[in-house]
Amino acid sequence: MTLPTRVLQGLALLLLSAPAQAARITVPGTSVSIDVPAGFVPMPRSVIDSKYSRGGLPPTAVYSTPGPHWEVNIAFALRDAALPAGDLAPVQAGLERSISATPGFRWVKHGIVRAAGREWIDLEFWVDGVDTPIYNHLRVTREGQKTLLVTANVTKKLYAKYAARLNAAMNGLK
């Protein structure tokens with residue numbers, strides 16, 4: 001028994017038009033997980049090293065819209081420095097001072113949030129990129145004796161298309 005062609009075509013159309021689902025991944029080397037937006041792929045190490053070569057250590061891992069431009073990113077950095085015990089407000093203040101000196105800096109919001117049983121420094125801001133403004137959503141937390149930094153960023157041109165998905169991912173960190 002076969003299904004009529006119209007039923008098969010309708011089923012195929014339904015499957016093709018269904019929105020792609022985010023994929024939950026564990027941040028490498030941590031107990032933290034995040035829903036990476038549908039369509040994002042792991043950025044190759046050679047691209048990470050090139051794209052993040054302006055100073056400092058590159059991220060541990062990056063998920064991004066596919067190349068060749070790798071325009072929208074969620075990056076993870078696990079650093080061998082423990083955050084001080086207790087209140088994160090002094091660390092937040094230091095981070096805020098550091099990033100506020102970046103050309104084109106503008107706050108969206110900043111504070112400390114509690115999610116999935118841990119405190120996160122939560123900073124959203126715009127800075128001037130090489131040729132366009134860049135939106136950044138940065139979260140920082142303790143991960144054992146290390147510090148985990150998670151940042152999502154997108155160009156102004158693509159902000160309307162990706163902002164909700166990036167913020168959903170950042171707000172879903174567990």
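The values are calculated or read from the model by the stated rules, or taken from the named source; none is laboratory data. In this text, all values refer to a predicted model and were calculated from it rather than measured experimentally. Neighbour counts run over all protein chains shown; Cβ positions are idealised from the backbone, glycine included. Surface accessibility is based on the protein's heavy atoms, side chains included, excluding ligands, DNA and RNA. Shrake-Rupley method; radii C 1.70, N 1.55, O 1.52, S 1.80 Å.
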Those residues of the stretch 48-82 which are touching a Leu at 6+ places or on another chain (Cβ under 6 Å) and either part of a strand (DSSP E or B) or exposed (fewer than 15 other Cβ atoms within 10 Å of the Cβ) (or both), in sequence order: ALA77, LEU78
Tally the residues that are under 21 Å from the mean Cα position of the chain (by Cα), in a helix (DSSP H, G or I) and of a type in the set (A, V, I, L, M), restricting the search to the stretch 83-98. 2
Residues in the stretch 127-162 that are at pLDDT below 95 and small (Gly, Ala, Ser): how many? 2
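So which residues in the stretch 120-159 are among the basic types (Lys, Arg) and open to solvent by less than 20 Å² (accessible area, probe 1.4 Å), if there are any at all? Give the derivation first.
Residues of the stretch 120-159 that are among the basic types (Lys, Arg), as a first pass: 139, 142, 146, 156-157.
Within the stretch 120-159, ARG139 is the sole residue that qualifies.
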Between a residue in the stretch 148-166 that is closer than 16 Å to PRO133 by Cα and assigned to a helix (DSSP H, G or I) and any residue that is among the aliphatic types (A, V, I, L, M) and open to solvent by less than 10 Å² (accessible area, probe 1.4 Å), which pairs come within a Cβ distance under 7 Å, given they are 6 or more apart or on different chains? LEU158/VAL72; TYR162/VAL72; TYR162/VAL154; ALA163/VAL154
